[in-house]
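Values in this text are rule-based calculations from the coordinates and carry no lab data. Because the structure is a prediction, the values reported are computed rather than measured. All Cβ positions, glycine included, derive from the backbone under ideal geometry; neighbour counts span all protein chains shown.
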Amino acid sequence: MGKRIWGQGELGARGKTCFKFSPLVPLSPCPLVSPAPSAPHSPKSMPTNTWNRHHILSLADFTTTEYDTVLQTAASFQEVLSRRTKKVPTLQGQVVANLFFESSTRTRSSFELAAKRLSADTLNFAAATSSMTKGETILDTAKTYLAMGTDIMVVRHREAGVPNAIAAEMDRLGVGVSVLNAGDGQHEHPSQGLLDLFTLCTLIDPASPRLELLKGKKIAIVGDILHSRVARSNIWSLIASGAEVHLAAPPTLLPKLFAEYISEELGVRNYSPTPQLFLHWQLEPALQNADFVMTLRLQKERMTAHLLPSLREYHQLFGITRTKLQLCKPNVKVLHPGPVNRGVEISSELMDDPEFSLIQSQVTSGVAVRMALLYLLGSGKT
Ligand code: MLT
């Protein structure tokens, strides 16, 4: 399916606990060229002239301008969502189809609500109750939704690359349909990466969230990195912001091959400032003086081998607790994309502690960010 997409990796050996990536090979940046179409029903402060992307499949090639456009647009929609009437007519007459070939609670509901708040018509598909059980292919399913007049397809699949394949087919057909990746295998989950970014930036400056606010912040991403599409999307956005990113996991969940993949990908991008990415096979150096800690679920459904001796040992070594947070900055905040294995990757009491946990605000931010994404893709179609 086109470009190589990271899949299963061989497992790393024990040894060095931390290595840092060095300066990268510069390439020409990817400019945003033409102004985006006007948005007749947009909230007042909405940026409208900086968007030129037709599909959102990955954050790997997002530019600073695109991140900032999403953040500002989401902030405008956050304001709309605080009003008594939370709906705008922006995507009236358009059809958003949620094609979830893999199960989901928050992402699917959040996209559905976002589309409804923009006044789009929504179609919801769940593989288990669809004609796929009768042998229909993924592309034929997508074309069925196309025939019903779908403008934007939000696609989740357990195989990496499926949203890219649907986007390529829509482009081949020349039908102007946009595809939004809502999580594909172990590859990426761009809307989660963007809502995490929005959650962090609005915490620092609610009135004006922007990428540069994270410059120099220390952010630890802890847990099942190997199987996490959330980590892969977050790595790109946080690196682009100039944050110091520390990945921490046992070697079976943070293999050397992953380090090579990241290093290879970083090598062909032109980041400024130079990326600060560190890998640790122990938790403590990642937590030391961290501003934010992102925990990840152990993704047992994607594990093909027994990668951990026991959940109890994992929690002891890598589970985030209030005690372990004492290593971080005093105002540290903790994120988790959900769903959470309580008491495994994060202690139950910490998860529910509003002093530290941003988990509920991530879910809330998700609606505004997904409204922004649908708006940016859809406003040129009316
Ligand atoms: C995902 O779809 O990847 C989730 O948001 C995170 C998870 O499943 O752990």
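Quick look at the values:
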read-out: Efficiency of FRET from Cβ geometry, residue 204 and residue 355, R₀ 25 Å, rounded to 0.05; value: 0.90
read-out: Charge dipole of the chain about the Cα centre (unit charges at C-beta), most positive-ward option of 362, 230, 294; value: 362
read-out: For 306, 54, 336, order by how many other beta-carbon atoms lie within 10 Å, fewest first; value: 306, 54, 336
read-out: Separation in nanometres of the label points that stand 7 Å from Cα toward Cβ, at residue 272 and residue 87; value: 4.6
read-out: Residues whose placed amide H lies under 5 Å from that of residue 252, excluding near-sequence neighbours; value: none
read-out: Theoretical gain in end-to-end length, residue 331 to residue 348 [0.36 nm per residue, Cα-Cα removed]; value: 4.2 nm
read-out: Relative packing of peptides 64-77, 235-248 - highest average C-beta neighbours within 10 Å first; value: 235-248, 64-77
read-out: Kyte-Doolittle at least 1.0, axis length at least 18 Å by Cα - qualifying DSSP helices, the chain; value: 190-204, 359-378
read-out: Inter-part distance where the stretch 226-274 and the stretch 99-125 are each reduced to a Cα centre, Å; value: 29
read-out: Cubic angstrom per residue, convex hull over Cα atoms of the stretch 269-382; value: 183
read-out: The stretch 57-148 - charge dipole about Cα centre, Lys and Arg +1 at Cβ, Asp and Glu -1, debye rounded to 20; value: 540
read-out: The stretch 157-264 shape via C-alpha gyration tensor axes, a/c threshold 1.5; value: oblate
read-out: Spacing of the two label points (7 Å from each Cα toward its C-beta) at residue 173 and residue 300, in nm; value: 3.9
read-out: Computed [θ] at 222 nm, deg cm²/dmol, the chain (DSSP H ≥ 4; -39,500 (n - 2.57); rounded to nearest 500); value: -10500 deg cm²/dmol
read-out: Two-decimal Rg/Rh across the chain, once Rg and the Kirkwood Rh are taken from alpha-carbon atoms; value: 0.95
read-out: Candidates 291, 205, 171: whichever shows maximal mean-square fluctuation once the chain is modelled as a Gaussian network with Cα springs under 10 Å; value: 205
read-out: Where GluC sites (Glu not before Pro) fall in DSSP loop in the stretch 117-182, at most 14 other Cβ within 10 Å; value: 136
read-out: Fraction of antiparallel bridges per DSSP, the chain only, in percent to nearest 5; value: 10
read-out: Ordering of 177-188, 84-95 by packing [mean C-beta count within 10 Å, highest first]; value: 177-188, 84-95
read-out: Amide H contacts of residue 357 (H built 1.01 Å from N, under 5 Å, at least 5 apart or other chain); value: 334
read-out: Simple label model, 7 Å out from Cα along Cβ direction - residue 313 to residue 129, nm; value: 4.3
read-out: Theoretical FRET efficiency, 1/(1+(r/R0)^6), r = Cβ-Cβ of residue 54 and residue 322, R0 45 Å, to 0.05; value: 0.50
read-out: Of every Cα-Cα pair in the stretch 325-382, the percent that sits beyond 15 Å; value: 60
read-out: Assigned charges on the beta-carbon of Lys, Arg, Asp, Glu; the stretch 70-229 dipole about Cα centre (debye); value: 600
read-out: Assigned charges on the beta-carbon of Lys, Arg, Asp, Glu; the chain dipole about Cα centre (debye); value: 400
read-out: Prolate/oblate/rounded call for the stretch 54-116, Cα gyration tensor, a/c under 1.5 rounded; value: oblate
